[in-house]
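One structure is given below, encoded as structure tokens.
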Amino acid sequence: MKESPRPAPVVYWLTEAFFPPLVGGQELIAAHLAQGLYGRGFQVQVITRQTLPPSPARENVDGVDVRRLRPGGMLKGKGFAALFPVLIFLAKLVWILFKDMFRYDIVIVSGAKIMPLVVVPLCALLRKKCIIRAESYFELHETISTESMRTMGSRKGKLVFNFLENARNHVLRKADAVIAISAQINEELLKRGVSAARIVSLPNGVSLRKFRPVSLPERRALRAKLSIPDDRIVVLYAGRLARAKGVPLLVDAWPTIFAKHPRLYLVIVGSGNRSFDDCEAQVKERVKQLGLEGDIAFFPETDAVVDYLQATDAWVFPTEYEGFSLALAEAMGCGCTVLATSVGAAPQLIQQGCSGFLFPPLETQALIDVFDEALAARDQWPAIGAAAREAVTPYDLDLIAGRYAELCRSLSEQFPHTAHHHSP
């Protein structure tokens, strides 16, 4: 008799934030990949923190079970005030993982900050495979955010930081696999003593069927639908309205950029989303002070950002740091001419002047100069957009989700399943 095929392992995906309702890059990629595993026969449960305003404590999103735990809300930047809520959240995670120990095989943790400190040792105790996704280069340097360090005080904050830093590096070295979403993160993990054999280079994925270029008539129709002028060169920023994303720098530089290139029209899509470095009110007030209301338009946060990408000519991303930016990959997938800071995976994806334009972060003059460089090549933008889409072809979401499935299967084959399986 033929041996029946082994069922796909059951995956618990742990993340601080998830879509829906949040629409940031980390939230979206977790949702896309969890659903990609489900589509390949995996049972997937997401465990995340509750949002503000609250979402259902339990729901099924496109086949993926989502469980949201209290306490909710934004904790980043709150220092010692976040300690008690974080401990409650971690305690609930430990209880669920222990209570459900016969229901899952693999745990995937989004983020390399605090959760791995308890999840990696617990998985070792319960003989579960544990995968850590390092979401950004910056989080490997910030087990505690700079804002929290300020509220704690330098001496106490430094003691806590050093303890957590050493403990986090230790558990990263013990995880069964650590996913590096960019070459920069891969290099940083090696510096922290993570074995190359445990590091898996797996970039974020983008749905190239959804994020695609459109014809000129389609673009015009989208501009009419979105109330964007059709006689201007439209530049888009879409994302969190946060200081770390470089939005204030962009707005402050815009008068100089616009004076040189008066056909430009800047569209800003997003919100501060109660972020610890929310700058939404600040930048809107700054636009009024500069008298640029006719040349800079604000639109609210949306999960239909593809419409704006397909309606735009160029996409600008002045972020200070990044991992593998999903927003960057989506813009390139739509064939936009991208102007992005040379952080995270951007140098891997963009060849200067051929598939986009790079500039250093935190430098106003560099931002102004890159607009001059890009607009001097305005007649080449169609070819640059086509090259941008070609550059992200290896990062199609279906391919990346398939590699996650292969990773989970290969880890689960190292010992028998313990989960009680049922049909998804």
Taking the stretch 222-239 and keeping only residues that are surrounded by 18 or more Cβ atoms within 10 Å (Cβ to Cβ), assigned to a loop (DSSP other than H, G, I, E, B) and at pLDDT 95 or above, one is left with Ile228
Is it true that some residue in the stretch 89-111 is within 24 Å of Pro71 (Cβ to Cβ) and among the acidic types (Asp, Glu)? yes
Checking the structure you have, find out if any residue of the stretch 344-366 is acidic (Asp, Glu), within 22 Å of Leu37 (Cβ to Cβ) and part of a loop (DSSP other than H, G, I, E, B). no
Of the listed residues (Arg127, Arg103, Arg70, Arg58), the one being surrounded by 17 or more Cβ atoms within 10 Å (Cβ to Cβ) and either outside the structural domain of Gly344 (by TED's automatic domain parsing) or in contact (Cβ under 8 Å) with a residue 12 or more places away in the chain (or both) is Arg103
Within the stretch 300-333, tally of residues that are within 16 Å of Val214 (Cα to Cα) and over 18 Å from the mean Cα position of the chain (by Cα): 7
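Yes or no, residue by residue, for (1) out of contact with any strand residue (DSSP E or B) (no Cβ under 9 Å at 6 or more places or on another chain); (2) on the phi > 0 side of the Ramachandran plot; (3) of a type in the set (A, V, I, L, M, F, W, C):
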{"site": "Glu280", "(1), (2), (3)": "no, no, no"}
{"site": "Val283", "(1), (2), (3)": "no, no, yes"}
{"site": "Gly291", "(1), (2), (3)": "yes, yes, no"}
{"site": "Ala297", "(1), (2), (3)": "no, no, yes"}
{"site": "Asp303", "(1), (2), (3)": "yes, no, no"}
{"site": "Asp307", "(1), (2), (3)": "yes, no, no"}
{"site": "Gln310", "(1), (2), (3)": "yes, no, no"}
{"site": "Pro318", "(1), (2), (3)": "no, no, no"}
Checking Pro300 against (1) in contact (Cβ under 8 Å) with a residue 12 or more places away in the chain; (2) buried (at least 16 other Cβ atoms within 10 Å of the Cβ), which test does it fail? (2)
What's the total number of residues in the stretch 4-20 that are in a loop (DSSP other than H, G, I, E, B) and closer than 16 Å to Arg403 by Cα? 2
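Listed here are the residues, each with its yes/no results for (1) surrounded by 23 or more Cβ atoms within 10 Å (Cβ to Cβ); (2) within 24 Å of Thr256 (Cβ to Cβ); (3) free of Cβ contacts under 8 Å to residues at least 40 places away in the same chain.
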residue: Asp313; (1), (2), (3): no, yes, no
residue: Gln348; (1), (2), (3): no, no, no
residue: Gly353; (1), (2), (3): no, yes, yes
residue: Glu363; (1), (2), (3): no, yes, yes
residue: Asp369; (1), (2), (3): no, yes, yes
Among the residues of the stretch 318-326, is any under 28 Å from Glu188 (Cα atoms), in contact (Cβ under 8 Å) with a residue 12 or more places away in the chain and of a type in the set (A, V, I, L, M, F, W, C)? yes
Tell me, yes or no, whether the stretch 228-236 has at least one residue that is without any contact (Cβ under 8 Å) to a residue 60 or more places away in the chain, of a type in the set (Lys, Arg) and under 18 Å from Gly344 (Cα atoms). no
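The values are calculated or read from the model by the stated rules, or taken from the named source; none is laboratory data. All values derive from a computational prediction rather than experimental measurement. Please note: Cβ atoms are built from the backbone with ideal geometry, for glycine as well, and neighbour counts cover all protein chains shown.
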